[in-house]
1. Which ones in segment 14-61 are part of a loop (DSSP other than H, G, I, E, B) and of a type in the set (Ser, Thr, Tyr)?
2. From Arg102, Arg59, which residue is in contact with an Asp or Glu (Cβ under 8 Å, 6 or more places away or on another chain) and surrounded by fewer than 16 Cβ atoms within 10 Å (Cβ to Cβ)?
3. Check Lys27 against each of (1) within 25 Å of Leu108 (Cβ to Cβ); (2) touching a Phe, Trp or Tyr at 6+ places or on another chain (Cβ under 9 Å); (3) without any contact (Cβ under 8 Å) to a residue 24 or more places away in the chain and name the one condition it does not meet.
4. For segment 114-144, enumerate the residues that are over 15 Å from Pro31 (Cβ atoms), at pLDDT 95 or above and aliphatic (A, V, I, L, M).
5. Kindly indicate whether any position in segment 75-95 is among the hydrophobic types (A, V, I, L, M, F, W, C), surrounded by fewer than 15 Cβ atoms within 10 Å (Cβ to Cβ) and in contact (Cβ under 8 Å) with a residue 12 or more places away in the chain.
6. Filter segment 75-104 for residues that are over 19 Å from Ser48 (Cβ atoms), in contact with a helix residue (DSSP H, G or I) (Cβ under 8 Å, 6 or more places away or on another chain) and modelled with pLDDT of 95 or more and give the result.
Amino acid sequence: MRYTVDTIINKPIDKVTELFANPNNMKDWQPGFISMQKINGDGNAEGSVYRLMYKMGNRNIEMIETIEVNKLPANFTATFETKGVYNWQKSSFEKIDDHTTRYTAENLFKFSGFAKLYGVLMPKAFKKQSQKYLDLFKDFAESQ
């Protein structure tokens, strides 16, 4: 399943990408975020790998994030893997004017095992959730 979502943020591109690149901000715009632990690599460098922990409802979710490309603001690409779900995401930021930035997220999901049912039964839910995260980031960035 592949889709793209975007939002307009009323902040300069330098400020937006600074906020996006700082992992300490994840708790401020990602509901359920618990922690981020480095497995390998250095900061947001390409090839870095992290263990991300989230609380979603009654479940604890562990994801492995691998940074593939970090050429902010043009391209930040990472993969996120958890049991039965693989998500590739390319985030890009475009300067609209001195005070406005477009944030675009391209997503590719692949499912295996029992998780295949999610992809078949709820494809719109994934796009809606991705848009929610962009909108939450927008709200966070504009409050800074």
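The values are calculated or read from the model by the stated rules, or taken from the named source; none is laboratory data. Given the structure is predicted, the values throughout are model-derived calculations rather than measurements. Using ideal geometry, Cβ is built from the backbone for each residue, glycine included, and neighbour counts are taken over all protein chains shown.
1. Once the filter is applied, which keeps residues that are part of a loop (DSSP other than H, G, I, E, B) and of a type in the set (Ser, Thr, Tyr), segment 14-61 yields only Ser48.
2. Arg102
3. It is condition (1) that Lys27 fails.
4. Result: Ala141, single match.
5. no
6. Within segment 75-104, Phe93, Glu94, Lys95, Thr101, Tyr103 meet the criteria.
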